[in-house]
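Some notes on the structure that comes next.
The values are calculated or read from the model by the stated rules, or taken from the named source; none is laboratory data. Please read all numbers here as calculations on a predicted model, not as lab measurements. Cβ sites come from the backbone with ideal geometry, for glycine too, and all protein chains shown count toward neighbours. Areas reflect the complete protein model, heavy atoms only, side chains present, ligands, DNA and RNA absent. Shrake-Rupley method; radii C 1.70, N 1.55, O 1.52, S 1.80 Å.
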There are 2 protein chains.
Amino acid sequence: MAAFELRSIMEQNLEHTISLLTRTPAALDALLRDLPETWTLRNEGEKTMSAFDVVGHLINGERTNWMPRARMILQFGETREFEPFDRWKQIRESKDKSLGQLLDEFAGLRSESLDELRALNLRKEDLERRGRHPALGAVTLSELLASWAAHDMTHLHQISRIMAHQYREAVGPWKRYLGVLQCAGHSSPK
Amino acid sequence: MAAFELRSIMEQNLEHTISLLTRTPAALDALLRDLPETWTLRNEGEKTMSAFDVVGHLINGERTNWMPRARMILQFGETREFEPFDRWKQIRESKDKSLGQLLDEFAGLRSESLDELRALNLRKEDLERRGRHPALGAVTLSELLASWAAHDMTHLHQISRIMAHQYREAVGPWKRYLGVLQCAGHSSPK
């Protein structure tokens with residue numbers, strides 16, 4: 001099945017975007033649910049997130065970022081700026097919940113977001129509509145949707161790095177072969 | 001639940017290692033199964049892997065790397081060097097399979113590996129036993145097991161980066177906020 005190779009970079013495709021966005025909650029659930037807290041509550045040092053915190057951040061994205069911004073583009077175009085995204089908000093709000101509760105909440109919110117997205121029946125010309133980002137300026141709906149999918153991947157990338165970090169000494173001399181341990185914590189998604 | 005924070009780096013702990021190793025096949029399955037091939041067969045450019053290739057590489061690790069090396073440490077200590085690990089071998093061998101088949105194969109092999117690992121009933125003194133890596137020299141069984149878990153995370157990190165890469169142009173100006181797109185493909189696990 002891998003006999004052909006696809007090297008070119010993809011354009012945002014609504015079905016492809018939705019197919020990836022659909023899978024993230026189940027992937028995080030399979031990875032994190034009931035894992036010992038020693039994996040899920042540790043972070044990479046001061047002012048960094050744990051896997052638990054990242055799930056809280058993803059919940060906040062569903063509530064205040066992705067579909068709310070998509071709606072703003074369709075309703076107001078460039079005439080109204082998006083609300084800035086506070087990446088630490090949900091982390092403060094999720095302190096008293098369990099990781100299992102957060103995973104359920106993320107799955108429920110994502111499912112609602114995607115139901116709403118599908119119900120919009122977006123056409124090609126809708127995807128080209130523009131909104132206004134407070135720091136980035138004019139952005140298209142298509143770019144917003146592609147960023148939503150890539151943002152999921154940024155945080156899966158971050159979670160795998162956070163967890164590997166916990167064993168950075170335990171791996172001994174293998175450290176130099178494990179690419180994830182060379183990753184310099186570059187995630188700063190907004 | 002996140003009221004306490006755990007900042008110190010963990011030592012390899014057999015139960016924690018197994019708990020993470022157990023979850024990787026299901027996490028990859030939830031992320032990748034039935035995803036359009038445009039996500040799973042594309043790579044990051046020449047001599048890089050697609051998500052499909054990475055699953056093949058993980059299968060090869062189960063067959064020829066992790067438990068075979070653990071057995072060698074317990075049987076021969078430092079008197080016999082491990083076989084070098086050919087990271088492209090399984091990729092060549094998996095060309096005619098579907099991703100679904102590879103995911104099933106990985107899950108089956110991982111389950112067998114962990115059954116065997118549990119059956120060894122390793123004691124603390126076993127974990128300190130040493131073997132000989134062809135390039136790294138003396139390594140302990142504990143380091144091997146920690147590296148197995150961190151190797152899973154390296155490849156989850158890689159897969160999330162490969163998939164995000166496909167949308168690196170589609171995200172438009174958000175590119176600068178998406179940490180995964182700054183990751184310079186540093187994985188070279190052996």
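The residues in region B:7-29 that are facing another protein chain (nearest Cβ under 7 Å) and in contact with a Ser or Thr (Cβ under 9 Å, 6 or more places away or on another chain) can be counted, and the count is 4.
Comparison of B:LEU74, B:LEU99, B:LEU41 shows that the only residue that is hydrophobic (A, V, I, L, M, F, W, C), in contact (Cβ under 8 Å) with a residue 60 or more places away in the chain and open to solvent by less than 30 Å² (accessible area, probe 1.4 Å) is B:LEU99. Tell me, yes or no, whether region A:46-62 has at least one residue that is aromatic (Phe, Trp, Tyr), under 28 Å from A:ARG123 (Cβ atoms) and within 14 Å of the chain's Cα centre (by Cα). No, region A:46-62 contains no residue that is aromatic (Phe, Trp, Tyr), under 28 Å from A:ARG123 (Cβ atoms) and within 14 Å of the chain's Cα centre (by Cα). Might you check whether a residue that is more than 23 Å from A:PRO25 (Cα to Cα), in a loop (DSSP other than H, G, I, E, B) and modelled with pLDDT of 95 or more occurs anywhere in region A:138-148? No, every residue in region A:138-148 fails to be more than 23 Å from A:PRO25 (Cα to Cα), in a loop (DSSP other than H, G, I, E, B) and modelled with pLDDT of 95 or more.
With respect to (1) within 11 Å of chain B (Cβ to nearest Cβ); (2) open to solvent by less than 40 Å² (accessible area, probe 1.4 Å), the lone exception for A:MET67 is condition (1). Take the residues in region A:119-152 that are of a type in the set (A, V, I, L, M, F, W, C), touching a residue at least 24 places away in the same chain (Cβ under 8 Å) and out of contact with any Gly (no Cβ under 9 Å at 6 or more places or on another chain), then tell me which one is surrounded by the fewest Cβ atoms within 10 Å (Cβ to Cβ). Here the residue is A:ALA135. Only one of the numbered conditions (1) assigned to a helix (DSSP H, G or I); (2) of a type in the set (A, V, I, L, M); (3) more than 19 Å from A:SER160 (Cβ to Cβ); (4) more than 9 Å from every other protein chain (Cβ to nearest Cβ) is not met by B:ALA107, and that is (3).
Being in contact with a strand residue (DSSP E or B) (Cβ under 9 Å, 6 or more places away or on another chain) and either more than 7 Å from every other protein chain (Cβ to nearest Cβ) or touching a residue at least 40 places away in the same chain (Cβ under 8 Å) (or both) is a property that A:HIS165 has. For the residues A:GLU112, A:GLU169, the requirement of being assigned to a helix (DSSP H, G or I) and open to solvent by 30 Å² or more (accessible area, probe 1.4 Å) singles out A:GLU112.
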